[in-house]
Amino acid sequence: MSRFKQKEFMSELEYSLSKLDSIKVKALLEYFDHLTHKGKMTVLYKLSKVDDAFTLPLLGQLASKKEDDKKIRDKIYELLLERSFTSPNVIEEWLANDKAEDKIIFIQMAGELQMDSTVSILEEILNSVLDNDVINATIKALGEIGSPFSIPTIADYVYSNNPESAYEAIRALGEIGDPVALKRLSEAVGRSEEGDSIILDILASNQDQDSLCILNEMLSSHFSYLRNMAKDHLIKIGSKAIPVLLENLKQENSDLLIHTLNVLGLIGDSSVDLPIRKLLHNEPADSNVRFAAYEALGFIKSTRSAMSLAGGLSDPEYQVRIAAAKAIDRNLSDVLIHGLKNLIEPMDEDAANMVGSFIDAEADKIFDVLVGWKPFQMLAVDYLMSQASHELRDHFTSLLRGRGDTKMANTIAPALKEEEEVKGLNIYVVDDSKLMLNIYTKKLGQLGYNPLLFQYPAEALEVVKEKKPDLLITDLNMPEINGLQLTKKIREKYSPDELPIMMITTQSDLEDEEGVGDTGIDMILHKPFSDDDLKEGIQKLTIL
(Lines give C-alpha, C1' and ligand atoms only; values in the text may rest on other atoms or scores of the structure.)
Protein backbone atom coordinates (compact mmCIF):
# COMPACT_ATOMS: atom_id res chain seq x y z
CA MET A 1 0.00 0.00 0.00
CA SER A 2 1.44 3.39 -0.99
CA ARG A 3 1.96 6.22 1.48
CA PHE A 4 -1.15 8.00 0.14
CA LYS A 5 -3.31 4.88 0.34
CA GLN A 6 -2.09 4.12 3.86
CA LYS A 7 -3.14 7.60 4.92
CA GLU A 8 -6.50 7.05 3.24
CA PHE A 9 -6.78 3.67 4.98
CA MET A 10 -6.25 5.32 8.38
CA SER A 11 -8.94 7.91 7.70
CA GLU A 12 -11.48 5.26 6.72
CA LEU A 13 -10.56 3.13 9.75
CA GLU A 14 -10.92 6.05 12.16
CA TYR A 15 -14.34 6.96 10.69
CA SER A 16 -15.58 3.34 10.80
CA LEU A 17 -14.44 2.95 14.40
CA SER A 18 -16.25 6.13 15.40
CA LYS A 19 -19.44 4.69 13.91
CA LEU A 20 -18.73 1.23 15.45
CA ASP A 21 -19.14 -0.23 11.95
CA SER A 22 -17.71 -3.70 12.61
CA ILE A 23 -18.35 -4.94 9.05
CA LYS A 24 -16.38 -2.07 7.50
CA VAL A 25 -13.55 -2.33 10.07
CA LYS A 26 -13.31 -6.07 9.50
CA ALA A 27 -13.00 -5.48 5.75
CA LEU A 28 -10.31 -2.85 6.26
CA LEU A 29 -8.28 -5.15 8.52
CA GLU A 30 -7.88 -7.60 5.64
CA TYR A 31 -5.24 -5.13 4.41
CA PHE A 32 -3.42 -5.07 7.76
CA ASP A 33 -0.45 -7.07 6.46
CA HIS A 34 0.21 -4.39 3.78
CA LEU A 35 0.86 -1.68 6.37
CA THR A 36 4.26 -0.57 7.63
CA HIS A 37 5.31 -1.45 11.19
CA LYS A 38 4.38 2.05 12.33
CA GLY A 39 1.03 1.78 10.53
CA LYS A 40 0.23 -1.52 12.24
CA MET A 41 1.07 -0.06 15.64
CA THR A 42 -1.23 2.89 14.89
CA VAL A 43 -4.11 0.54 14.02
CA LEU A 44 -3.62 -1.40 17.25
CA TYR A 45 -3.57 1.84 19.24
CA LYS A 46 -6.86 2.98 17.64
CA LEU A 47 -8.46 -0.41 18.35
CA SER A 48 -7.36 -0.24 21.98
CA LYS A 49 -9.40 2.95 22.46
CA VAL A 50 -12.70 1.33 21.46
CA ASP A 51 -15.06 -0.74 23.60
CA ASP A 52 -13.79 -4.26 24.48
CA ALA A 53 -16.85 -6.08 23.17
CA PHE A 54 -16.39 -4.38 19.80
CA THR A 55 -12.65 -4.88 19.44
CA LEU A 56 -12.30 -8.46 20.72
CA PRO A 57 -13.48 -10.14 17.49
CA LEU A 58 -11.35 -7.74 15.45
CA LEU A 59 -8.23 -8.47 17.50
CA GLY A 60 -9.02 -12.14 17.12
CA GLN A 61 -9.14 -11.63 13.35
CA LEU A 62 -5.65 -10.08 13.41
CA ALA A 63 -4.31 -12.78 15.72
CA SER A 64 -5.50 -15.53 13.38
CA LYS A 65 -3.34 -14.20 10.52
CA LYS A 66 0.32 -15.02 10.00
CA GLU A 67 2.40 -12.15 11.33
CA ASP A 68 6.21 -12.15 11.02
CA ASP A 69 6.80 -9.02 13.10
CA LYS A 70 7.29 -10.23 16.69
CA LYS A 71 6.59 -6.81 18.22
CA ILE A 72 3.26 -6.68 16.42
CA ARG A 73 2.38 -10.24 17.50
CA ASP A 74 3.25 -9.40 21.10
CA LYS A 75 1.13 -6.25 21.03
CA ILE A 76 -1.86 -8.12 19.61
CA TYR A 77 -1.43 -10.76 22.31
CA GLU A 78 -1.22 -8.10 25.04
CA LEU A 79 -4.42 -6.36 23.85
CA LEU A 80 -6.29 -9.64 23.51
CA LEU A 81 -5.21 -10.82 26.94
CA GLU A 82 -6.34 -7.58 28.59
CA ARG A 83 -9.82 -7.94 27.08
CA SER A 84 -10.33 -11.71 27.33
CA PHE A 85 -10.84 -11.96 31.08
CA THR A 86 -14.44 -10.79 30.67
CA SER A 87 -15.10 -12.74 27.44
CA PRO A 88 -13.06 -15.99 27.46
CA ASN A 89 -15.54 -17.59 25.07
CA VAL A 90 -13.90 -15.58 22.26
CA ILE A 91 -10.71 -17.62 22.76
CA GLU A 92 -12.63 -20.88 22.50
CA GLU A 93 -14.35 -19.69 19.32
CA TRP A 94 -11.08 -18.81 17.60
CA LEU A 95 -9.41 -22.05 18.76
CA ALA A 96 -12.24 -24.01 17.19
CA ASN A 97 -12.32 -21.86 14.04
CA ASP A 98 -10.97 -23.95 11.15
CA LYS A 99 -10.46 -20.84 9.03
CA ALA A 100 -7.90 -19.32 11.40
CA GLU A 101 -4.49 -19.36 9.72
CA ASP A 102 -2.56 -19.09 12.99
CA LYS A 103 -3.90 -20.25 16.36
CA ILE A 104 -0.74 -19.91 18.42
CA ILE A 105 -1.79 -16.67 20.15
CA PHE A 106 -5.12 -18.23 21.18
CA ILE A 107 -3.35 -21.38 22.33
CA GLN A 108 -0.97 -19.29 24.44
CA MET A 109 -3.88 -17.35 25.93
CA ALA A 110 -5.77 -20.52 26.81
CA GLY A 111 -2.71 -21.65 28.75
CA GLU A 112 -2.03 -18.33 30.45
CA LEU A 113 -5.69 -17.95 31.46
CA GLN A 114 -5.74 -21.64 32.55
CA MET A 115 -8.94 -22.30 30.64
CA ASP A 116 -10.09 -25.82 31.53
CA SER A 117 -12.87 -25.50 28.97
CA THR A 118 -10.30 -25.53 26.13
CA VAL A 119 -8.58 -28.83 27.03
CA SER A 120 -10.56 -30.95 24.57
CA ILE A 121 -10.08 -28.38 21.79
CA LEU A 122 -6.33 -28.24 22.44
CA GLU A 123 -6.12 -32.03 22.34
CA GLU A 124 -7.93 -32.03 19.00
CA ILE A 125 -5.39 -29.51 17.70
CA LEU A 126 -2.55 -31.81 18.79
CA ASN A 127 -4.13 -34.70 16.91
CA SER A 128 -4.64 -32.73 13.72
CA VAL A 129 -1.57 -30.50 13.16
CA LEU A 130 1.97 -31.20 12.02
CA ASP A 131 3.51 -27.78 12.64
CA ASN A 132 6.07 -28.14 15.45
CA ASP A 133 5.54 -24.57 16.72
CA VAL A 134 1.81 -25.19 17.12
CA ILE A 135 2.43 -28.58 18.73
CA ASN A 136 4.90 -27.17 21.25
CA ALA A 137 2.65 -24.20 22.10
CA THR A 138 -0.30 -26.56 22.64
CA ILE A 139 1.66 -28.90 24.89
CA LYS A 140 2.85 -25.93 26.94
CA ALA A 141 -0.72 -24.58 27.24
CA LEU A 142 -2.04 -27.94 28.44
CA GLY A 143 0.69 -28.01 31.08
CA GLU A 144 -0.23 -24.50 32.26
CA ILE A 145 -3.91 -25.44 32.45
CA GLY A 146 -2.86 -28.43 34.56
CA SER A 147 -5.78 -30.75 33.93
CA PRO A 148 -4.96 -34.34 34.98
CA PHE A 149 -7.15 -35.54 32.10
CA SER A 150 -4.56 -34.28 29.60
CA ILE A 151 -1.69 -36.30 31.12
CA PRO A 152 -1.95 -39.28 28.68
CA THR A 153 -1.96 -36.94 25.67
CA ILE A 154 1.02 -34.95 26.92
CA ALA A 155 2.92 -38.08 28.02
CA ASP A 156 2.82 -39.48 24.47
CA TYR A 157 4.92 -36.52 23.31
CA VAL A 158 7.63 -37.27 25.88
CA TYR A 159 8.68 -40.00 23.45
CA SER A 160 8.52 -37.74 20.38
CA ASN A 161 11.36 -37.89 17.87
CA ASN A 162 11.38 -34.10 17.99
CA PRO A 163 13.52 -33.17 21.03
CA GLU A 164 11.82 -29.77 21.47
CA SER A 165 8.39 -31.40 21.69
CA ALA A 166 9.71 -34.07 24.06
CA TYR A 167 11.24 -31.46 26.38
CA GLU A 168 8.08 -29.33 26.24
CA ALA A 169 6.03 -32.40 27.22
CA ILE A 170 8.39 -33.10 30.13
CA ARG A 171 8.00 -29.54 31.38
CA ALA A 172 4.21 -29.73 30.94
CA LEU A 173 3.98 -32.87 33.06
CA GLY A 174 6.14 -31.12 35.64
CA GLU A 175 3.69 -28.18 35.63
CA ILE A 176 0.81 -30.55 36.38
CA GLY A 177 2.95 -32.18 39.05
CA ASP A 178 0.44 -34.67 40.47
CA PRO A 179 1.54 -38.25 41.32
CA VAL A 180 0.37 -39.62 37.95
CA ALA A 181 2.30 -36.96 36.01
CA LEU A 182 5.43 -37.55 38.11
CA LYS A 183 5.14 -41.30 37.55
CA ARG A 184 5.02 -40.71 33.79
CA LEU A 185 8.16 -38.58 34.12
CA SER A 186 10.00 -41.27 36.08
CA GLU A 187 9.07 -43.84 33.42
CA ALA A 188 10.62 -41.62 30.74
CA VAL A 189 14.01 -41.36 32.42
CA GLY A 190 16.92 -42.80 30.46
CA ARG A 191 16.01 -41.64 26.95
CA SER A 192 18.41 -38.71 26.73
CA GLU A 193 20.77 -36.94 29.08
CA GLU A 194 19.28 -33.50 28.37
CA GLY A 195 15.73 -34.77 28.87
CA ASP A 196 16.72 -36.51 32.09
CA SER A 197 18.33 -33.31 33.32
CA ILE A 198 15.03 -31.44 32.82
CA ILE A 199 13.11 -34.20 34.62
CA LEU A 200 15.41 -34.18 37.63
CA ASP A 201 15.37 -30.38 37.76
CA ILE A 202 11.57 -30.53 37.92
CA LEU A 203 11.59 -33.14 40.69
CA ALA A 204 14.13 -31.12 42.67
CA SER A 205 12.02 -27.98 42.33
CA ASN A 206 8.85 -29.74 43.49
CA GLN A 207 10.45 -31.30 46.58
CA ASP A 208 7.20 -33.05 47.53
CA GLN A 209 7.26 -36.61 48.84
CA ASP A 210 6.65 -38.20 45.44
CA SER A 211 9.40 -36.13 43.81
CA LEU A 212 11.89 -36.92 46.57
CA CYS A 213 11.12 -40.63 46.29
CA ILE A 214 11.74 -40.60 42.53
CA LEU A 215 15.00 -38.69 42.96
CA ASN A 216 16.01 -41.24 45.55
CA GLU A 217 15.21 -44.09 43.15
CA MET A 218 17.67 -42.54 40.68
CA LEU A 219 20.51 -43.47 43.08
CA SER A 220 19.97 -47.06 41.94
CA SER A 221 20.10 -46.22 38.23
CA HIS A 222 22.55 -48.05 35.95
CA PHE A 223 23.39 -44.69 34.37
CA SER A 224 26.19 -42.90 36.19
CA TYR A 225 25.13 -39.44 34.93
CA LEU A 226 21.66 -40.02 36.42
CA ARG A 227 23.09 -41.12 39.76
CA ASN A 228 25.34 -38.07 39.85
CA MET A 229 22.56 -35.64 38.93
CA ALA A 230 20.27 -37.18 41.57
CA LYS A 231 23.02 -36.98 44.18
CA ASP A 232 23.70 -33.32 43.38
CA HIS A 233 20.00 -32.44 43.69
CA LEU A 234 19.51 -34.37 46.93
CA ILE A 235 22.57 -32.69 48.47
CA LYS A 236 21.19 -29.25 47.53
CA ILE A 237 17.74 -30.13 48.90
CA GLY A 238 19.49 -31.04 52.15
CA SER A 239 17.70 -31.95 55.36
CA LYS A 240 14.31 -32.28 53.68
CA ALA A 241 15.64 -35.30 51.73
CA ILE A 242 17.03 -37.10 54.79
CA PRO A 243 13.91 -39.16 55.76
CA VAL A 244 13.73 -40.68 52.27
CA LEU A 245 17.49 -41.33 52.18
CA LEU A 246 17.54 -43.01 55.59
CA GLU A 247 15.13 -45.68 54.29
CA ASN A 248 17.94 -46.76 51.96
CA LEU A 249 20.13 -47.71 54.94
CA LYS A 250 17.75 -50.61 55.59
CA GLN A 251 18.55 -52.11 52.19
CA GLU A 252 21.28 -54.65 51.40
CA ASN A 253 22.23 -53.19 48.02
CA SER A 254 25.86 -52.13 48.51
CA ASP A 255 25.89 -49.66 45.63
CA LEU A 256 22.73 -47.94 46.89
CA LEU A 257 24.17 -47.79 50.41
CA ILE A 258 27.39 -46.22 49.16
CA HIS A 259 25.64 -43.53 47.10
CA THR A 260 23.26 -42.81 49.97
CA LEU A 261 26.10 -42.46 52.46
CA ASN A 262 27.91 -40.11 50.07
CA VAL A 263 24.84 -37.88 49.93
CA LEU A 264 24.16 -37.99 53.67
CA GLY A 265 27.76 -37.08 54.42
CA LEU A 266 27.73 -34.08 52.09
CA ILE A 267 24.39 -32.88 53.50
CA GLY A 268 26.21 -32.96 56.83
CA ASP A 269 23.19 -32.97 59.14
CA SER A 270 23.98 -34.37 62.60
CA SER A 271 20.62 -36.18 62.68
CA VAL A 272 22.03 -38.93 60.46
CA ASP A 273 24.84 -39.72 62.90
CA LEU A 274 22.93 -42.41 64.81
CA PRO A 275 21.49 -44.24 61.73
CA ILE A 276 24.97 -44.44 60.18
CA ARG A 277 26.51 -45.70 63.41
CA LYS A 278 23.76 -48.35 63.59
CA LEU A 279 24.68 -49.40 60.06
CA LEU A 280 28.32 -49.80 61.13
CA HIS A 281 27.27 -51.66 64.26
CA ASN A 282 25.70 -54.30 62.00
CA GLU A 283 29.15 -54.78 60.40
CA PRO A 284 28.41 -54.51 56.67
CA ALA A 285 30.31 -57.21 54.80
CA ASP A 286 31.24 -54.87 51.93
CA SER A 287 34.27 -52.81 52.90
CA ASN A 288 33.23 -50.12 50.41
CA VAL A 289 30.09 -49.57 52.49
CA ARG A 290 32.16 -49.30 55.65
CA PHE A 291 34.51 -46.85 53.91
CA ALA A 292 31.56 -44.70 52.77
CA ALA A 293 30.02 -44.78 56.26
CA TYR A 294 33.19 -43.57 57.98
CA GLU A 295 33.77 -41.00 55.26
CA ALA A 296 30.22 -39.70 55.80
CA LEU A 297 30.67 -39.52 59.57
CA GLY A 298 33.77 -37.46 58.96
CA PHE A 299 31.60 -34.71 57.47
CA ILE A 300 29.14 -34.74 60.38
CA LYS A 301 30.02 -32.74 63.47
CA SER A 302 28.88 -34.91 66.35
CA THR A 303 30.72 -35.67 69.55
CA ARG A 304 28.41 -38.63 70.13
CA SER A 305 29.99 -40.52 67.23
CA ALA A 306 33.57 -39.89 68.35
CA MET A 307 34.33 -43.11 70.21
CA SER A 308 32.44 -45.30 67.74
CA LEU A 309 34.76 -43.98 65.02
CA ALA A 310 37.73 -45.51 66.77
CA GLY A 311 36.41 -48.98 65.92
CA GLY A 312 37.23 -48.32 62.27
CA LEU A 313 40.93 -48.07 63.07
CA SER A 314 41.07 -51.85 63.51
CA ASP A 315 39.16 -52.64 60.31
CA PRO A 316 40.90 -55.32 58.19
CA GLU A 317 40.71 -53.10 55.07
CA TYR A 318 43.32 -50.37 54.75
CA GLN A 319 41.00 -47.92 52.99
CA VAL A 320 38.41 -48.22 55.79
CA ARG A 321 41.04 -47.47 58.43
CA ILE A 322 42.04 -44.34 56.50
CA ALA A 323 38.40 -43.16 56.34
CA ALA A 324 37.95 -43.76 60.07
CA ALA A 325 41.19 -41.91 60.85
CA LYS A 326 40.07 -38.87 58.82
CA ALA A 327 36.63 -38.93 60.45
CA ILE A 328 38.24 -38.96 63.91
CA ASP A 329 40.45 -36.03 62.91
CA ARG A 330 37.41 -33.98 61.91
CA ASN A 331 35.53 -34.83 65.13
CA LEU A 332 38.45 -34.59 67.53
CA SER A 333 37.58 -33.95 71.18
CA ASP A 334 39.34 -34.16 74.57
CA VAL A 335 37.54 -37.42 75.34
CA LEU A 336 38.63 -38.91 72.04
CA ILE A 337 42.24 -37.79 72.50
CA HIS A 338 42.33 -39.55 75.86
CA GLY A 339 40.90 -42.72 74.25
CA LEU A 340 43.43 -42.63 71.43
CA LYS A 341 46.30 -42.34 73.90
CA ASN A 342 45.09 -45.48 75.65
CA LEU A 343 45.08 -47.32 72.32
CA ILE A 344 48.51 -46.07 71.21
CA GLU A 345 50.35 -46.31 74.55
CA PRO A 346 51.20 -50.07 74.25
CA MET A 347 53.19 -49.21 71.08
CA ASP A 348 52.39 -52.62 69.67
CA GLU A 349 51.57 -53.56 66.07
CA ASP A 350 47.99 -52.34 66.36
CA ALA A 351 49.18 -49.00 67.71
CA ALA A 352 51.72 -48.68 64.88
CA ASN A 353 49.04 -49.39 62.27
CA MET A 354 46.78 -46.84 63.92
CA VAL A 355 49.42 -44.11 63.80
CA GLY A 356 50.17 -45.06 60.20
CA SER A 357 46.50 -44.61 59.38
CA PHE A 358 46.55 -41.11 60.85
CA ILE A 359 49.62 -40.27 58.76
CA ASP A 360 48.18 -41.61 55.51
CA ALA A 361 44.86 -39.84 56.16
CA GLU A 362 46.69 -36.53 56.69
CA ALA A 363 45.03 -36.25 60.11
CA ASP A 364 46.73 -32.95 60.85
CA LYS A 365 44.76 -32.14 64.01
CA ILE A 366 45.61 -35.47 65.64
CA PHE A 367 49.24 -35.15 64.56
CA ASP A 368 49.47 -31.63 65.96
CA VAL A 369 47.91 -32.64 69.30
CA LEU A 370 49.82 -35.91 69.84
CA VAL A 371 53.20 -35.31 68.18
CA GLY A 372 54.66 -33.98 71.42
CA TRP A 373 53.67 -37.17 73.23
CA LYS A 374 56.56 -39.66 73.12
CA PRO A 375 54.73 -42.93 72.15
CA PHE A 376 52.96 -41.24 69.23
CA GLN A 377 56.10 -39.35 68.22
CA MET A 378 58.23 -42.48 68.01
CA LEU A 379 55.67 -44.42 65.98
CA ALA A 380 55.02 -41.43 63.71
CA VAL A 381 58.72 -40.84 62.98
CA ASP A 382 59.25 -44.54 62.26
CA TYR A 383 56.29 -44.65 59.87
CA LEU A 384 57.17 -41.40 58.10
CA MET A 385 60.75 -42.55 57.49
CA SER A 386 60.02 -46.13 56.47
CA GLN A 387 56.53 -46.41 54.92
CA ALA A 388 54.95 -43.05 54.16
CA SER A 389 55.02 -41.62 50.64
CA HIS A 390 57.40 -38.85 49.67
CA GLU A 391 54.46 -36.40 49.52
CA LEU A 392 53.31 -37.27 53.03
CA ARG A 393 56.80 -36.92 54.49
CA ASP A 394 57.08 -33.54 52.82
CA HIS A 395 53.65 -32.55 54.14
CA PHE A 396 54.37 -33.44 57.77
CA THR A 397 57.88 -32.01 57.66
CA SER A 398 56.38 -28.66 56.62
CA LEU A 399 53.79 -28.98 59.38
CA LEU A 400 56.51 -29.62 61.98
CA ARG A 401 58.60 -26.68 60.82
CA GLY A 402 55.50 -24.51 60.95
CA ARG A 403 54.94 -25.32 64.60
CA GLY A 404 58.63 -24.78 65.40
CA ASP A 405 59.53 -28.45 65.92
CA THR A 406 62.70 -28.37 63.81
CA LYS A 407 64.36 -31.28 65.61
CA MET A 408 61.76 -33.80 64.53
CA ALA A 409 61.50 -32.16 61.10
CA ASN A 410 65.26 -32.57 60.63
CA THR A 411 64.98 -36.20 61.67
CA ILE A 412 62.51 -36.86 58.86
CA ALA A 413 64.13 -34.56 56.29
CA PRO A 414 67.15 -36.80 55.48
CA ALA A 415 64.74 -39.47 54.26
CA LEU A 416 63.51 -36.96 51.72
CA LYS A 417 67.02 -36.09 50.51
CA GLU A 418 68.32 -39.62 50.39
CA GLU A 419 65.31 -41.04 48.58
CA GLU A 420 66.24 -42.03 45.05
CA GLU A 421 64.22 -40.61 42.25
CA VAL A 422 61.51 -43.03 41.19
CA LYS A 423 61.87 -43.88 37.53
CA GLY A 424 58.67 -45.88 37.10
CA LEU A 425 55.62 -45.14 35.00
CA ASN A 426 53.88 -41.78 35.17
CA ILE A 427 50.31 -42.48 36.24
CA TYR A 428 47.51 -39.90 36.49
CA VAL A 429 44.79 -40.68 39.05
CA VAL A 430 41.38 -38.96 39.03
CA ASP A 431 39.05 -39.37 42.02
CA ASP A 432 36.85 -36.81 43.77
CA SER A 433 37.58 -38.42 47.17
CA LYS A 434 40.67 -36.90 48.78
CA LEU A 435 40.94 -40.01 50.96
CA MET A 436 41.10 -42.29 47.93
CA LEU A 437 43.78 -40.08 46.37
CA ASN A 438 45.85 -40.47 49.53
CA ILE A 439 45.46 -44.24 49.26
CA TYR A 440 46.52 -44.22 45.61
CA THR A 441 49.56 -42.10 46.48
CA LYS A 442 50.82 -44.70 48.91
CA LYS A 443 49.95 -47.79 46.88
CA LEU A 444 51.37 -46.52 43.59
CA GLY A 445 54.46 -45.13 45.27
CA GLN A 446 55.17 -48.47 46.95
CA LEU A 447 54.81 -50.19 43.58
CA GLY A 448 57.46 -47.87 42.11
CA TYR A 449 55.24 -45.59 40.03
CA ASN A 450 55.01 -41.80 39.81
CA PRO A 451 51.41 -40.78 40.59
CA LEU A 452 49.96 -37.37 39.75
CA LEU A 453 46.63 -36.83 41.51
CA PHE A 454 43.52 -34.92 40.44
CA GLN A 455 40.41 -34.35 42.55
CA TYR A 456 38.64 -32.55 39.69
CA PRO A 457 38.21 -34.29 36.31
CA ALA A 458 38.21 -31.00 34.38
CA GLU A 459 41.67 -30.22 35.71
CA ALA A 460 42.92 -33.68 34.79
CA LEU A 461 41.53 -33.27 31.29
CA GLU A 462 43.49 -30.05 30.74
CA VAL A 463 46.76 -31.56 31.98
CA VAL A 464 46.44 -34.84 30.09
CA LYS A 465 45.92 -32.94 26.82
CA GLU A 466 49.19 -31.12 27.36
CA LYS A 467 51.24 -34.00 28.77
CA LYS A 468 50.30 -37.62 28.19
CA PRO A 469 50.92 -40.06 31.08
CA ASP A 470 51.77 -43.74 30.68
CA LEU A 471 48.43 -44.70 32.24
CA LEU A 472 45.33 -42.93 33.54
CA ILE A 473 43.26 -44.31 36.42
CA THR A 474 39.81 -42.82 37.00
CA ASP A 475 36.87 -43.28 39.32
CA LEU A 476 33.39 -43.67 37.81
CA ASN A 477 31.12 -41.58 40.03
CA MET A 478 32.33 -37.98 40.11
CA PRO A 479 30.41 -34.69 39.96
CA GLU A 480 30.16 -32.61 36.77
CA ILE A 481 32.31 -34.98 34.69
CA ASN A 482 32.07 -38.69 35.50
CA GLY A 483 34.66 -41.30 34.58
CA LEU A 484 32.86 -42.35 31.39
CA GLN A 485 32.59 -38.76 30.15
CA LEU A 486 36.22 -38.08 31.04
CA THR A 487 37.33 -41.13 29.08
CA LYS A 488 35.29 -40.13 26.03
CA LYS A 489 36.90 -36.69 26.02
CA ILE A 490 40.40 -38.13 26.38
CA ARG A 491 39.73 -40.57 23.54
CA GLU A 492 39.16 -37.59 21.24
CA LYS A 493 42.92 -36.99 21.49
CA TYR A 494 44.48 -40.35 22.43
CA SER A 495 43.64 -43.84 21.21
CA PRO A 496 43.82 -46.87 23.58
CA ASP A 497 47.19 -47.71 22.05
CA GLU A 498 48.50 -44.26 22.92
CA LEU A 499 47.02 -44.00 26.44
CA PRO A 500 45.52 -46.95 28.36
CA ILE A 501 42.75 -46.08 30.83
CA MET A 502 41.78 -48.09 33.90
CA MET A 503 38.53 -47.44 35.74
CA ILE A 504 38.37 -48.33 39.43
CA THR A 505 34.90 -48.21 40.93
CA THR A 506 32.59 -49.63 43.57
CA GLN A 507 29.86 -49.96 40.96
CA SER A 508 29.33 -53.71 40.60
CA ASP A 509 26.81 -53.33 37.78
CA LEU A 510 29.04 -51.13 35.63
CA GLU A 511 29.24 -53.79 32.92
CA ASP A 512 25.48 -53.42 32.39
CA GLU A 513 25.71 -49.69 31.77
CA GLU A 514 25.01 -48.66 28.19
CA GLY A 515 27.94 -47.28 26.29
CA VAL A 516 30.76 -48.59 28.48
CA GLY A 517 32.27 -50.46 25.58
CA ASP A 518 32.19 -47.32 23.43
CA THR A 519 34.00 -45.05 25.87
CA GLY A 520 37.46 -46.51 25.39
CA ILE A 521 37.99 -47.89 28.91
CA ASP A 522 40.62 -50.62 28.72
CA MET A 523 40.12 -52.25 32.12
CA ILE A 524 37.70 -52.11 35.05
CA LEU A 525 38.94 -52.85 38.56
CA HIS A 526 36.47 -52.99 41.42
CA LYS A 527 37.03 -51.72 44.94
CA PRO A 528 38.30 -53.02 47.26
CA PHE A 529 41.41 -54.06 45.37
CA SER A 530 44.67 -55.49 46.67
CA ASP A 531 48.14 -54.22 45.83
CA ASP A 532 48.60 -57.32 43.68
CA ASP A 533 45.35 -56.60 41.79
CA LEU A 534 46.50 -53.07 41.09
CA LYS A 535 50.01 -54.11 40.07
CA GLU A 536 48.76 -56.87 37.78
CA GLY A 537 46.25 -54.52 36.13
CA ILE A 538 48.84 -51.83 35.51
CA GLN A 539 51.30 -54.32 34.07
CA LYS A 540 48.70 -55.74 31.66
CA LEU A 541 47.92 -52.26 30.34
CA THR A 542 51.45 -50.90 30.09
CA ILE A 543 53.61 -53.81 28.87
CA LEU A 544 54.44 -53.14 25.23
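The values are calculated or read from the model by the stated rules, or taken from the named source; none is laboratory data. Bear in mind that the values here come from a model prediction, so they are computed numbers and not experimental data. Neighbour counts run over all protein chains shown; Cβ positions are idealised from the backbone, glycine included. Surface areas here come from the heavy atoms of the whole protein model, side chains and all, with no ligands, DNA or RNA. Shrake-Rupley method; radii C 1.70, N 1.55, O 1.52, S 1.80 Å.
See the values below:
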item: Members of region 97-122 that are open to solvent by 20 Å² or more (accessible area, probe 1.4 Å), of a type in the set (A, V, I, L, M, F, W, C) and not in a loop (DSSP other than H, G, I, E, B); result: Ile104, Ile121
item: Criterion (touching a helix residue (DSSP H, G or I) at 6+ places or on another chain (Cβ under 6 Å), in a helix (DSSP H, G or I), closer than 25 Å to Asp201 by Cα and at pLDDT 85 or above) met by exactly one of Ile135, Ile125; result: Ile135
item: Helices (runs of 4 or more DSSP H) fully within region 153-240 counting 1 or more residues that are out of contact with any helix residue (DSSP H, G or I) (no Cβ under 9 Å at 6 or more places or on another chain), closer than 29 Å to Asn262 by Cα and not hydrophobic (A, V, I, L, M, F, W, C); result: 224-237
item: Extreme residue, surrounded by the fewest Cβ atoms within 10 Å (Cβ to Cβ), among residues of region 1-17 that are modelled with pLDDT under 90 and polar (S, T, N, Q); result: Ser2
item: Among residues of region 454-475, those that are closer than 14 Å to Lys489 by Cα and within 23 Å of the chain's Cα centre (by Cα), counted; result: 7
item: Pair list, Cβ under 7 Å, 6 or more apart: region 336-361 residue among the hydroxyl-bearing types (Ser, Thr, Tyr), other residue in a helix (DSSP H, G or I); result: Ser357/Leu313; Ser357/Arg321; Ser357/Ile322; Ser357/Ala325
item: Condition met for Tyr157 (modelled with pLDDT of 95 or more, under 21 Å from Ala204 (Cβ atoms) and not hydrophobic (A, V, I, L, M, F, W, C)); result: no
item: In region 377-417, the residues that are not polar (S, T, N, Q) and not in a helix (DSSP H, G or I); result: Ala388, Arg403, Gly404, Asp405
item: Residue tally, condition surrounded by fewer than 19 Cβ atoms within 10 Å (Cβ to Cβ), part of a helix (DSSP H, G or I) and of a type in the set (Lys, Arg), over region 278-306; result: 2
item: Where a residue in region 111-127 is of a type in the set (Ser, Thr, Tyr) and its partner, wherever it lies, is open to solvent by 20 Å² or more (accessible area, probe 1.4 Å), with Cβ under 6 Å and at least six apart; result: Thr118/Glu92
item: Members of region 440-466 that are out of contact with any Phe, Trp or Tyr (no Cβ under 8 Å at 6 or more places or on another chain), small (Gly, Ala, Ser) and in a helix (DSSP H, G or I); result: Gly445, Ala458
item: Contacts under 8 angstrom Cβ, first residue in region 68-85 being of a type in the set (Lys, Arg), partner surrounded by fewer than 12 Cβ atoms within 10 Å (Cβ to Cβ), 6 or more apart; result: Lys71/His37
item: Filter result for Tyr77 (surrounded by fewer than 18 Cβ atoms within 10 Å (Cβ to Cβ) and either of a type outside the set (Val, Ile, Thr) or over 45 Å from the mean Cα position of the chain (by Cα) (or both)); result: no
item: Candidate set: region 373-395, residues that are over 22 Å from Leu447 (Cβ atoms) and of a type outside the set (Val, Ile, Thr); chosen: the one surrounded by the most Cβ atoms within 10 Å (Cβ to Cβ); result: Ala380
item: Given (1) more than 30 Å from Lys66 (Cβ to Cβ); (2) open to solvent by less than 20 Å² (accessible area, probe 1.4 Å), number of the condition Ser147 does not satisfy; result: (1)
item: Considering residues of region 459-477 that are at pLDDT 90 or above, touching a helix residue (DSSP H, G or I) at 6+ places or on another chain (Cβ under 9 Å) and among the aliphatic types (A, V, I, L, M) only, the residue surrounded by the fewest Cβ atoms within 10 Å (Cβ to Cβ); result: Leu461
item: Any hit, region 478-490, residues being part of a strand (DSSP E or B), of a type outside the set (Val, Ile, Thr) and either surrounded by fewer than 22 Cβ atoms within 10 Å (Cβ to Cβ) or in contact with an Asp or Glu (Cβ under 7 Å, 6 or more places away or on another chain) (or both); result: no
item: Scope region 162-193; condition hydroxyl-bearing (Ser, Thr, Tyr) and out of contact with any Gly (no Cβ under 8 Å at 6 or more places or on another chain); matching residues; result: Ser165, Ser186, Ser192
item: Scope region 506-538; condition modelled with pLDDT of 80 or more and open to solvent by 80 Å² or more (accessible area, probe 1.4 Å); matching residues; result: Asp532, Lys535, Glu536
item: Matching residues in region 166-197 - criterion: being surrounded by fewer than 17 Cβ atoms within 10 Å (Cβ to Cβ) and of a type in the set (A, V, I, L, M); result: Val180
item: Residue ID - modelled with the highest pLDDT, chosen from residues in region 322-351 that are hydrophobic (A, V, I, L, M, F, W, C) and open to solvent by 40 Å² or more (accessible area, probe 1.4 Å); result: Met347
item: Residue match in region 33-47 (condition: in contact with a Phe, Trp or Tyr (Cβ under 9 Å, 6 or more places away or on another chain) and surrounded by fewer than 16 Cβ atoms within 10 Å (Cβ to Cβ)); result: yes
item: Subset of region 216-267 that is hydroxyl-bearing (Ser, Thr, Tyr) and at pLDDT below 95 - its residue that is least open to solvent (accessible area, probe 1.4 Å); result: Ser224
item: Qualifying residue in region 308-326 (condition: free of Cβ contacts under 8 Å to residues at least 60 places away in the same chain and of a type in the set (S, T, N, Q)); result: yes
